[in-house]
1. Of everything in the range C:64-76, what is assigned to a strand (DSSP E or B) and away from ligand 1 (no atom under 11 Å from the Cβ)? Give them in sequence order.
2. Name the residue, out of C:284, C:261, C:352, that is in a helix (DSSP H, G or I) and either away from chain D (no Cβ under 14 Å) or away from ligand 2 (no atom under 16 Å from the Cβ) (or both).
3. Across the range C:54-92, what is the total count of residues that are in contact (Cβ under 8 Å) with a residue 12 or more places away in the chain, under 22 Å from residue D:114 (Cα atoms) and over 17 Å from the mean Cα position of the chain (by Cα)?
4. Here are C:99, C:95: which of them is outside any helix (DSSP H, G or I) and closer than 16 Å to residue D:227 by Cβ?
5. Look through D:34, D:61, D:22 and report the one residue that is away from ligand 2 (no atom under 16 Å from the Cβ), modelled with pLDDT of 95 or more and more than 19 Å from residue D:216 (Cα to Cα).
6. Given the conditions (1) touching a helix residue (DSSP H, G or I) at 6+ places or on another chain (Cβ under 9 Å); (2) within 14 Å of ligand 1 (Cβ to nearest atom); (3) among the hydrophobic types (A, V, I, L, M, F, W, C), report the number of the one that residue C:30 does not fulfil.
7. In this structure, is residue C:142 over 30 Å from residue C:8 (Cα atoms), buried (at least 20 other Cβ atoms within 10 Å of the Cβ), within 16 Å of ligand 2 (Cβ to nearest atom) and modelled with pLDDT of 95 or more?
8. Output the number of the condition that residue C:360 fails; it satisfies all remaining conditions of (1) under 29 Å from residue B:28 (Cβ atoms); (2) of a type in the set (Ser, Thr, Tyr); (3) surrounded by fewer than 14 Cβ atoms within 10 Å (Cβ to Cβ).
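The values are calculated or read from the model by the stated rules, or taken from the named source; none is laboratory data. As the structure is a computational prediction, the values presented were derived from the model and not from experiment. Ideal geometry is used to build each Cβ from the backbone, glycine not excepted, and the neighbour counts take in all protein chains shown.
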Amino acid sequence: MYSEKVMDHFQNPRNVGEIENASGVGTVGNAKCGDIMRIYLDIDENDIIRDCKFKTFGCGAAVATSSMATELVKGKSIQEALQVTNKAVMEALDGLPPVKVHCSLLAEEAIHAALWDYAEKHGIKIEGLEKPKSDIHEDEEEEEEY
Amino acid sequence: MYSEKVMDHFQNPRNVGEIENASGVGTVGNAKCGDIMRIYLDIDENDIIRDCKFKTFGCGAAVATSSMATELVKGKSIQEALQVTNKAVMEALDGLPPVKVHCSLLAEEAIHAALWDYAEKHGIKIEGLEKPKSDIHEDEEEEEEY
Amino acid sequence: MDRFVYLDNAATTKTSPTVLEAMLPYFSELYGNASSIYSIGVESKEAITQSREMIASTLGAKPEEIYFTAGGTEADNWALKATAEAYGGKGKHIITSKIEHHAILHTCANLEKCGYEVTYIDVDENGVIKLEELKKAIRPDTILISVMFANNEIGTIQPIRAIGELAAQHGILFHTDAVQAYGQLPINVDELHIDMLSSSAHKVNGPKGIGFLYIRKGVKIRSFIHGGAQERKRRAGTENVPAIVGYGQAAKEAFSSMQERTAGERELRDYLIDRMEKEIPFTRLNGDRKNRLPNNANFSFQFIEGESLLIMLDMEGICASSGSACTSGSLDPSHVLLAIGLPHEIAHGSLRLTLGADTTKEDIDYVVEKTKGIVERLRSMSPLYEDFLKKCQKR
Amino acid sequence: MDRFVYLDNAATTKTSPTVLEAMLPYFSELYGNASSIYSIGVESKEAITQSREMIASTLGAKPEEIYFTAGGTEADNWALKATAEAYGGKGKHIITSKIEHHAILHTCANLEKCGYEVTYIDVDENGVIKLEELKKAIRPDTILISVMFANNEIGTIQPIRAIGELAAQHGILFHTDAVQAYGQLPINVDELHIDMLSSSAHKVNGPKGIGFLYIRKGVKIRSFIHGGAQERKRRAGTENVPAIVGYGQAAKEAFSSMQERTAGERELRDYLIDRMEKEIPFTRLNGDRKNRLPNNANFSFQFIEGESLLIMLDMEGICASSGSACTSGSLDPSHVLLAIGLPHEIAHGSLRLTLGADTTKEDIDYVVEKTKGIVERLRSMSPLYEDFLKKCQKR
Ligand SMILES: Cc1ncc(COP(=O)(O)O)c(C=O)c1O
Ligand SMILES: Cc1ncc(COP(=O)(O)O)c(C=O)c1O
């Protein structure tokens, strides 16, 4: 069901944990749908993401996309991090099953939420960043139904 | 599906054939339903059935009941022959599958038809013998239907 | 008995030993539920995927258009009832033929009770559907045409492409019961404009209890069996993994051997027909002489009745059938033989012999010899034959 | 991985090797169509008769009340739809429970679309149906009550006798989905006033793709699958002889071993429950502690999600399930866990372990150890657990 990359990131998730006094924290998803992601960012004075950690309640794909998303934004600038879309996360994981695509959207959203938190805390505005929805399930692709 | 007795009478039917100038001949059944029985009787001056033959177009049970019926009436008086019911034929064959019960009715009817023919030819009336129906399928027991 | 000759392959076939072998691991080793997440479940799922792909490829279909069922009957019921349910708003008229299998005819009868109207198209004396009549039967409220690919009793192959084109021209769904044709004839669902197609594994040396319904992508019929999310939510029930694997293997074997096998069967079949017609008087071949299934021969022997014939053949080790196996026990003669115009007493005396890949010329010779003797014996006991002879003498 | 432990016997079971052995001759040797007249067909028919008799005897039923189907789902669909069709004139109201299998719930949803009205009765926190509510739901137009014998997720056994008596008093038909209970609990259809009962072989070490519907003599429901005259004209389709034979053998084995086997399972299950509850904090046993299937244990581990847990268990060689296997792939948590009142996030973190005859104490110890570690690990990754800990610290 999952690609080897997904399984690797699920079994050995990178960047699990918390960051004390993080520059920004974002939590998205809800327990009703079975996945919640929280991303911690440590952003330096040059707007570079020095460190990034996550905690996730959710399925294998939720964990793997969180892990991959943190990997993809670490060391990037804020503007670069904004370019990390769910597609990029999926591609980096060699794809996801159709029912799990929403997990990658959630990961994208979690990063945006953490950045939004950072911006709010610092009273700045990040160009191209919109207030994140906490729940992305409305966008979810449904399997063909009969 | 069939008892050993039925199979024996089907494989080695007794009294197959015709009787030239028979005292009475009866044919019952119709091709539509898939069985036709013809019984020939040779009746002596004392009303004893000296000989009895049959020809049958039909299934295994039709052949076996014809064979058994001829066996049962051979050597009997006309009045005794009238007592040979379909039940007697079935019992003598150790039973028939429910869908084949009508064959035994047909055999009973064929004997009656031959006796009727005898009576008509000789201008006599046989007590207890009614004009036989040529087709007994109306009486047939249907399997439980849903 | 001298020999065992199985000539009832249209009723059911021997599961090929290699098919059985392919199935075996899925009973007691790889028994995982295909919908589960752990490895032995995933292995089941992959086995199902492979089987589905194999079957799709034999029809020129997409894997996601193949839905496994418990057999041909369920597939037929599904196609008809679900189409009726889904398109009942558009219209309530269905067209089929008079010589369909009971899986179609009795389902149609059920639909008639539920307010649908069914037109049953006639066939000619060879069992070929009357296309002109079919054309005329089409109405604005016709939602489905269901005509079998080839008949199970007399083997006649229907003009499926012509029917498919007709249906397509009128925007009507076209279903075909290909239970007898699948694996015997090349079928391409696109070329023939088939929207739905039923099939059953045990007719092609696969296991019993598994079949499939091909449903063209876009055909919006619903589930017939509701429950779990199996088969893309369209057919519920824990997947019958061993049987599905067996069907995949059987399809593979049937299609890879098709040309050679059916050529051999055709030759033997024609030899059988030839000898029967020449050597047994008052014998009629039923069905189309040319457009017939490669393995089907169906005869009527005048003046005798089918069941007696079958029992006597069985005593000689020969398995055959008369009319359709499903209706044995019934007193009515085959509706197919009546539809091609046979009178009742001749319809009652029919014999279907359906060959398999392993049928030999010796088998055929044996069957012809035995049949000859038995027909003779039964005729000598037949009042109809007696009448016939007397009539001839009088002339 | 150190070990392979299969604890998903409620999803499907290994086909017992002796069951498979009983089936084998019917694939490639005794492959005759059971409706045919010749000897190898008759042998098939006799094998079916024996199997039917065996199964009938396990329920205190008559052989002619057992109708073979392709599985539990088909049996459930048949019972509901055919009752609706046959008794729709009397009324259009059906009563069932909120925790039925989807084979019942989705069929009910389909019937609702067709103009029937369905009342779904609540269960208490242990998953036991609320009898008072059921009583009140009965109306003059109620034609059927369908309540499962035991639940497939949480194992809770329902008060079937009380429901049966209630139905009988009101002259309402009573169907029970006994797919999980059959072979695990003694069942007598007369004593319990059951009119119809569904079952599926692959849940009791029989093959997949075969089940049965018990229909009490006199219940006038019609066919669901129309076609040939098989199963006393009530269920069409070529008989799946090997599977039917396998079911007979599996039933024989399940019932002859029932007492000893379930006693062993009960003991191990209680040991499992005991350890899990003691050794893993924030763990909840779902389902009734006493009135539960002998082989079922169902836990919710707070703060973690089920799929992750399952994958990690799989990596340790442990097969288990979360919610119902049929709905995996779906995002909704189990409707059963929601019905017993669990909040969504706890319902998402459930684990079902269902034992088999060959489960050992060592297996259980291994599973507990591994589960402990995995739950700990997943909690360390869980934002919900983080929040919970922080809340505790604050106090
Ligand atoms: C033409 C045709 N349709 C449908 C069926 C039904 O298939 P099954 O018995 O596998 O359900 C058969 C065979 O019995 C058949 O020959
Ligand atoms: C309670 C219950 N009912 C019905 C079914 C459906 O049975 P099957 O998958 O054999 O069709 C199952 C199992 O999946 C079940 O557990």
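1. To start, the set of residues in the range C:64-76 that are assigned to a strand (DSSP E or B) comprises C:66-69.
C:66, C:67, C:68, listed by residue number.
2. Values: C:284 fails: in a helix (DSSP H, G or I); C:352 fails: in a helix (DSSP H, G or I).
After ruling out the rest, the residue left standing is C:261.
3. Within the range C:54-92, residues that are in contact (Cβ under 8 Å) with a residue 12 or more places away in the chain, under 22 Å from residue D:114 (Cα atoms) and over 17 Å from the mean Cα position of the chain (by Cα) number 11.
4. Exactly one of C:99, C:95 is outside any helix (DSSP H, G or I) and closer than 16 Å to residue D:227 by Cβ, namely C:99.
5. Just one listed residue meets the conditions, D:22.
6. (2)
7. Working: over 30 Å from residue C:8 (Cα atoms): yes; buried (at least 20 other Cβ atoms within 10 Å of the Cβ): yes; within 16 Å of ligand 2 (Cβ to nearest atom): no; modelled with pLDDT of 95 or more: yes.
In short, no.
8. (1)
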